[in-house]
Amino acid sequence: MKALEVKNIIKRFPGVLANDNINLSINKSEIYSIVGENGAGKSTLMKIIYGLYTPTSGEIYVFGKKVKINSSNDAIKLKIGMVHQEFMLIPRFSVTENIVLGHEPRKGMFFDRKVAVKEIKEISDRYGLKVDPLEKVENLPVGIQQRVEILKILRRGAEILIFDEPTAVLTPEEAEDLFKTLSFLRDSGKTIIFISHKLKEVMTISDRIAVLRRGELQGVVYKEKTNEKELARMMVGRDVVLEIPEALVKRGDTITSVRNLTVKNKRGIVGLKDVSFDVHSGEILGIAGVEGNGQSELIDALIGFIKPIGGSIFLSGKKVKLINPRNMRKRGMAYIPEDRKRRGLILPFKIKDNVIMGQHNKRPFSRNGILNDMAIESFAEKKVEEFDIRPRDIYTKAANLSGGTQQKVLLARELSINHNFILASQPTRGLDIGAMEFVYKMLIEEKKRGVAVLLVSLELSEIMGLADRILVLYEGVIIGETKPGETSEEELGLMMLGLKKKERVM
Amino acid sequence: MNNMSLLNSSLSQTMDYAAPILFAALGGVISENAGVVNIALEGIMRFAAFFGVWGAFVSGTPWIGLLWGIVIGIVIGSLHAYITVKWAGDQIVSGVAINVMSMGIITYLLELIFKTTGYSPPVPYFGSSVNRIHLVFLKDIPFLGAFSNLTILVWFAIILTVVMHFVLYRTVLGLRIRSVGENPHAAETLGINVAGIKWFAVIMGSIFAAFGGMALSLGTLSSFTNAMANGKGFIGLAAMIFGKWTPFGAMAASLLFASAQVIQLLLQVAASGFAKGIPLGFYLALPYILTIGALIGVVGRAVAPAADGVPYKKES
C-alpha cells in the first residue's frame, strides 16, 4: 500500500527552481530516506508535503487519495506529522503542555491537566518513548526534547512522520536511540520519511533511499543494493573522496600550550580539570569525546569567553596574561566555532561585511573609524573567488546562504586573519559532503603551511582521518592519548565512554 | 481620627491609587503574554478617561460613561492590533504614535466639547457616596475595614486579577495565549490561530487599560483633567514587569507603587513640623523613584515571554 505519492512536483522560487518535476512513491511501513546536499531541495519538498509551501504544480496522493495541502493543519488532518529541524517547542511549558497544545483535553473551559498527563503517560508507554510529563522542556536534553516532538505528532494520530535532519542536533548516543525508535515506529505500521545528508545514518536505517541534486530526483535505490560511495556520487554528481588524504608534514615548534587548565562552566560546575597539552606547528591535534565532557569548557577558555579558574594558556610561546577574545586573536588564534549561526557570522550582515569582521578596525578596511567600502568590496570579491563562495554576490546576506556556504564565508574570514593557530570546533557540523571535503582540504592546507590546529570533533571518522595525535576527553579530564595509526574507532569509543585508559607521556 | 481608622483609610486610599495602575498592568499582562508589547496603554487610559467623562456628562450616569470608555478602548486597541498584528508593524512605534495622538486629540476634544482647557466640568461618578459599595459590617474591623467603602471599579480590578489568573493558568485559552507569546511558530504548526489570539489579547488589554483611565476620571475624581493619565499607564507597565508578567504579581506591584504614593502624602503631613526644608517635589517624585529602584532590583531576574515584542509573520 502506498502511504504517500508525489507526482510531477515543481516548485519555483524567484530565480530558483527548487523542485524540478519530482516523483516519489512511498510505501506504508517503510523508512524512506531522502538525501541530498544542502540546497538540493529536500526541505522544500518536505515543506510542500507538510503544507508550508504551495507547489507551483504537481499532485500529492495520501493513502491513495488525491489531496491539496494548504497548511500544516491540513497535513495534520491527513495524518502527516513533521519533526522540524528546529524544534517547535515552548521551553517554558511542561512536556505535557507542549504535547497537548492545540488539542487540549478540557473540562468545560478549563484545561484538564490530569487527563492530559495520563494521556501522555499512555502514549509514551505505548511507543517506548520515556518522558517525564511534568518536567519543563527547557530542562531536558536535546534528545528528549526530540522525543517530545515525536510524541506530539503521534498523539495527533500521525501515520506518516517526516524527520527533517533529526540527528543534526543529537549526540551519537541520542542518535542511536532515535534509530531504535524509528525502527519501532516502522514495525508498528508507521511510515517514516527521513531527510538527511549523513550517508552513514541513511545506510543504517533506511529501507529505500531517494537522492536529490539541484532540485532533481537522481534516483531511488534499495539500501541493500547500494553503498555510501554510490550515494555520494549521486548526490554530488562526481566521485567524492571521503577518505582524507594523508599529509605528512614535519612537526615543528610548539605553538600553543595549555598547562593544568581548569575551567568552571556557566552553570558553576568544574567542567575541565587539570588539562595540559601542546599543539605544534604543522600538526593537527584531535580532541575526541562524547559531547558534554569538557569540550565546550576547553573551547570557551581558549577563545577567552571564560576565565579559567586554574592553569595557564601559552600562545605563540608566550603566556597569555589577560584572557579575553581580543588578546587571544592578537596572539594568532583563528576560531571556527561549532555554531556558526550564533558564534560565527552576523546573519543579517552581507557577505562583504562578514568577511572583514575582526579586521574592520584595521587598514585598509577602515581609517580613523570610517569604513572604506572600496577596500572591503575588493577584498570580499577576492575571497568569494578564492573560497568558491556561491552565489558570487558579495551583497547576499549571510542568513540567506546554505550551511556549507556560510562555513566557507567563515573560513574565508578566519583564515585571512593573521594566525598560526586554528581552534576548530566541530568544523563540519551540519555540512554536506561537498562542504565537508572543502573544510578538510582547507585544514590540511593550513597544516602544510605550518599552522597548528586543534580539532575538537564528535565525529570519530573525522578525527581519525585528520588528526596526527588524538586526546580523549572524558568527564573533563584527558583519559588518554593515541595516534590514528595505533588505535581503532572501537578503542577510541571505549575510551570516550571512560571504559579504557591510556597512559600519556608528556 | 484614631489609629485604626487611619490604617483603614490609608489602605483604602492605597487601593484607590492602585486600581488604575493595576488595570493598566493587567492590560499589559494579557497583551504581552500573547507577545504584543502595548505601551499605548497610557494613551488608551487617556482616551477612556475622557470618553468616560463625556459619556457620563451626556447621559447623566457613570454607567453610560463606562460603556463609552470601553468602546474607545476597543477602537484604539484595534488600531494597535491592526498595525502590530495584521501588518506586523513595530509595536513600540505604534504605541508611541497612539500616545502622542492621545495628547493632541483629547486636548482638542476637551476644548471642543467642554469649551475648557485643563479640566472638564464635574460629572456623576463611581466615587460618589451613593455609587460606592458600602459594606458597613466591615467598617470597624482592622484591615478589612479598608474594603467597606470602595468604588465598584476597585472591586472590579480585584476580581479581574483573580479571573485573569485562572484564565491564563487554568484554561485552554490561557495556555494558547501563553504559547503564542512564547513561540508563535510552534503554536501555528499546532493549528492555533496566532493572529486571532493576538487580536483578542490586545483588545482585552486595551479594555482593561480603558477601565484604568476611567478609574482615574470616574473613580478617584469626577472629571477629566488634561494631565491624565499622568504616566499611570507606564507605571502599570513597570508593575507588570515587576510582577513578572503575572496577574497577582502585577497586583502586588501596583499596591506597592500605590502605597508609595500614600506614604508620600502621609510624609508630607507628618514632616510639615520638622522637615519644612524638603521641597514638595521630592515627595511627589518619591513613588517614581521607588518604581525605578524596584525595577533596577528586579529587572535582571524578570523573564518576559520569549517572543514578547517580536512581530510575527507567517511563513509563506
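The values are calculated or read from the model by the stated rules, or taken from the named source; none is laboratory data. Not measured: the values here are computed from a predicted model. No Cβ is skipped: glycine too gets one built from the backbone with ideal geometry, and neighbour counts run over all protein chains shown. Protein only, heavy atoms only, side chains kept; ligands, DNA and RNA dropped before computing areas. Shrake-Rupley method; radii C 1.70, N 1.55, O 1.52, S 1.80 Å.
Overview of results
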{"read-out": "Shielding of A:443-450 by partner chains, average beta-carbon count, 10 Å", "value": "0"}
{"read-out": "Förster radius 35 Å - calculated FRET efficiency between A:MET109 and B:LEU135 (Cβ-Cβ, nearest 0.05)", "value": "0.70"}
{"read-out": "Environment charge of A:ASP177, counting only residues whose C-beta is closer than 11 Å and scoring Lys/Arg +1, Asp/Glu -1", "value": "0"}
{"read-out": "Accessible surface, per residue, of the stretch B:1-134 when the full set of protein chains is kept, probe 1.4 Å, Å²", "value": "40"}
{"read-out": "FRET efficiency, A:LYS441 to A:ASN372 (Cβ-Cβ, R0 35 Å, nearest 0.05)", "value": "0.65"}
{"read-out": "Cα gyration tensor shape for the stretch B:9-49, rounded if a/c is under 1.5, else prolate or oblate", "value": "oblate"}
{"read-out": "Interface size B-A, as summed buried accessible area [1.4 Å probe, Å², nearest 100]", "value": "2100"}
{"read-out": "Integer Hz, Karplus 6.51/-1.76/1.60 couplings in order for the stretch B:43-55, x for Gly and Pro", "value": "x, 5, 4, 5, 4, 5, 4, 6, 5, x, 5, 4, x"}
{"read-out": "Gyration tensor (alpha-carbon) shape descriptor, the stretch A:2-236, a/c threshold 1.5", "value": "prolate"}
{"read-out": "Inter-chain Cβ neighbour average for residues B:161-174, partner chain, 10 Å", "value": "3"}
{"read-out": "Shielded by partner chains, the stretch A:101-125 residues - at least 30 Å² of accessible area, 1.4 Å probe, vs chain alone", "value": "A:LEU101, A:GLY102, A:GLU104, A:ARG106, A:MET109, A:PHE110, A:PHE111, A:ARG113"}
{"read-out": "Carbon plus sulfur fraction of accessible area for chain A, probe 1.4 Å, in percent", "value": "50"}
{"read-out": "Listed residue pairs exceeding 20 Å between alpha carbons, taken from A:LYS121/B:LYS198; A:LYS79/A:LYS190; B:LYS86/B:LYS313; A:LYS350/A:LYS441", "value": "A:LYS121/B:LYS198; A:LYS350/A:LYS441"}
{"read-out": "DSSP beta bridge pairing in the stretch A:2-236, given as percent antiparallel to the nearest 5", "value": "60"}
{"read-out": "Expected 222 nm ellipticity per residue - DSSP helices of 4 or more, -39500 (n - 2.57), all of chain A, to 500", "value": "-9500 deg cm²/dmol"}
{"read-out": "Contour excess over end-to-end distance, with Cα ends at A:SER29 and A:LYS382 and 0.36 nm allotted per residue", "value": "122.0 nm"}
{"read-out": "Charge sum, other residues only, whose C-beta stays under 10 Å from A:ILE306's C-beta, Lys/Arg counted +1 and Asp/Glu -1", "value": "+1"}
{"read-out": "Counting DSSP beta bridges with both ends in the protein assembly as shown, the antiparallel % (nearest 5)", "value": "60"}
{"read-out": "Heavy-atom accessible area per residue - the stretch B:162-316, 1.4 Å, Å²", "value": "41"}
{"read-out": "Over chain B: helical MRE at 222 nm, DSSP H runs n ≥ 4 each giving -39500 (n - 2.57), nearest 500", "value": "-22000 deg cm²/dmol"}
{"read-out": "10 Å Cβ neighbours from other chains, averaged over peptide A:217-226", "value": "0"}
{"read-out": "Heavy atoms of A:LYS2: accessible area, 1.4 Å probe, square angstrom to 10", "value": "80"}
{"read-out": "Estimated FRET transfer efficiency (A:ARG363, A:SER316; beta-carbon r; R0 22 Å; 0.05)", "value": "0.45"}
{"read-out": "Choice from B:SER12, B:SER223, B:SER254 showing the highest fluctuation, given a GNM over chain B with Cα pairs closer than 10 Å", "value": "B:SER12"}
{"read-out": "Probe 1.4 Å, accessible area per residue of chain A, Å²", "value": "45"}
{"read-out": "Fully extended contour minus Cα-Cα distance, from A:PHE63 to A:LYS500, at 0.36 nm per residue", "value": "152.2 nm"}
{"read-out": "Part-to-part distance (alpha-carbon centres) for the stretch A:106-166 and the stretch B:1-65, which is given in Å", "value": "42"}
{"read-out": "A:VAL477 accessible area, assembled protein chains, probe 1.4 Å, Å²", "value": "60"}
{"read-out": "Cα convex hull of chain B - mean projected area over all directions, nm²", "value": "17.8"}
{"read-out": "With every protein chain in place, the stretch B:185-316: carbon and sulfur % of accessible area (1.4 Å)", "value": "73"}
{"read-out": "For peptides A:114-121, B:32-39, sequence by mean Cβ density within 10 Å, most packed first", "value": "B:32-39, A:114-121"}
{"read-out": "Ordering of A:11-22, A:279-290 by packing [mean C-beta count within 10 Å, highest first]", "value": "A:279-290, A:11-22"}
{"read-out": "Surface/4 of the Cα convex hull for chain A, nm²", "value": "26.3"}
